[in-house]
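So the structure is just underneath, and the comments pick up after that.
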Amino acid sequence: MISLIIVDYKSIPKTMNYIQDCLQAFTRNGKEAMDKKIHVILVDNSPDEQSGLAYLQQECHAQIEPMQITALDRAKNPLQAKDTHEVNTLQYEEKERYVYQCHIHDTCDIEVIYVAARENLGYAKGNNLGADIARQLYQDCYYLFSNNDLQFPETFDLEQLLKPMQEQERVAVVGPKVVTKSGEQQSPRKMPRVGQELFGYYWNLLLPKKWKLEHTASGVDEGRASGICDWLTGSFWIMEAVKFHEVGGFDAHTFLFYEELILKERLRKAGYSMYYCDVVTVIHAHGETVKSTLGVLKGIESSFQSSIYYFKEYRGVSKVVILMARCNYRVCMTLFRLKKAIMKGMAVAR
């Protein structure tokens, strides 16, 4: 019924613990049958899958077998079974990916489809790969895309997230209330404005906290009750599989950031909406995924490039504004690096 899709980058132990937490949360409150409806797809974005497979085998005592690619539908793109001696080889984005079936019976009874991407595909491509494999293996009704840094309160109820899609035809995506460990709300959010996203955000890197400009993409739509919303954060959300593929999934032109806003625009054009469910809450260790994947400066660069792409391709912002935004970004980042260097020098001097 549901494919749980998780993209990992060099944190397989953490992800495996998280998968167990997920399945336990899904079966709380007398819903023991729910675990039988969950299929787990783990996309490993690290360049070398051997460390991940070794952990599964040695620490999780997993029985690992190459996935029989010949059983997949060769006619469906973008996945293609590759004609080699390797039965678990896929051709995806013009490169070979490997798929393994992992049976874990040690501390729990879990079957995981382990996908070795063999490079860091980022959020969009990594999740698209997981969704394409899920479609061909299981044909589940829903995809649950999740980070590996979430926690679930005792009151978590997965079935509450399914109801809006079952009851309203136009709803394609449902997300819970997402809060940080300190209780700060992260989702749902309001639509961003050009000036704040392409200009104000980068000046905020230089300004003292009390002088910072308002940043709409970080502005949560607090107080909103359950219902259609502007957009949801992508750390944990569930989507109707048919509608996800109908709109082309995530836009593969982004590596990290703005995938949610881009998907929102794709869904809107197809007549679909995102739905916020305020009766379900998850706790997100915000920022850990980005820091471990990219680092601070590379994360800022990735965010900027994604924002440019989003506003140009999906919001119709003019070439003049885009050019001005690029110039603004270069100036702000030059000053930001200088600021960091000065602060580092002062710290050393002490």
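None of the figures in this text is laboratory data; all of them are computed from the coordinates on show. Because the structure is predicted, anything quoted here is derived from the model rather than measured. Cβ: placed from backbone, ideal geometry, glycine included. Neighbour counts: every protein chain shown.
Per-residue ellipticity at 222 nm for the chain, helices alone: DSSP H runs ≥ 4 residues times -39500 (n - 2.57), over residue total, nearest 500 deg cm²/dmol?
Calculated mean residue ellipticity at 222 nm is -11500 deg cm²/dmol.
How are the C-alpha pair distances of the chain spread across 20 Å bins, as whole percents from the shortest bin up?
P(r) for the chain, in whole percents per bin: 28, 57, 15, 0.
Just list whichever of 177/319; 14/190; 10/264; 125/298; 209/339; 37/95 have alpha carbons separated by over 25 Å in the model shown.
Too far apart for the 25 Å limit: 177/319; 14/190; 10/264; 37/95.
Hey, can you rank 51-60, 262-271 by average C-beta count inside 10 Å, highest first?
Those peptides, ordered most packed to least, come out 262-271, 51-60.
Which percent of Cα-Cα pairs in region 104-159 sits in each 5 Å bin, short to long?
4, 12, 19, 22, 23, 16, 5, 0
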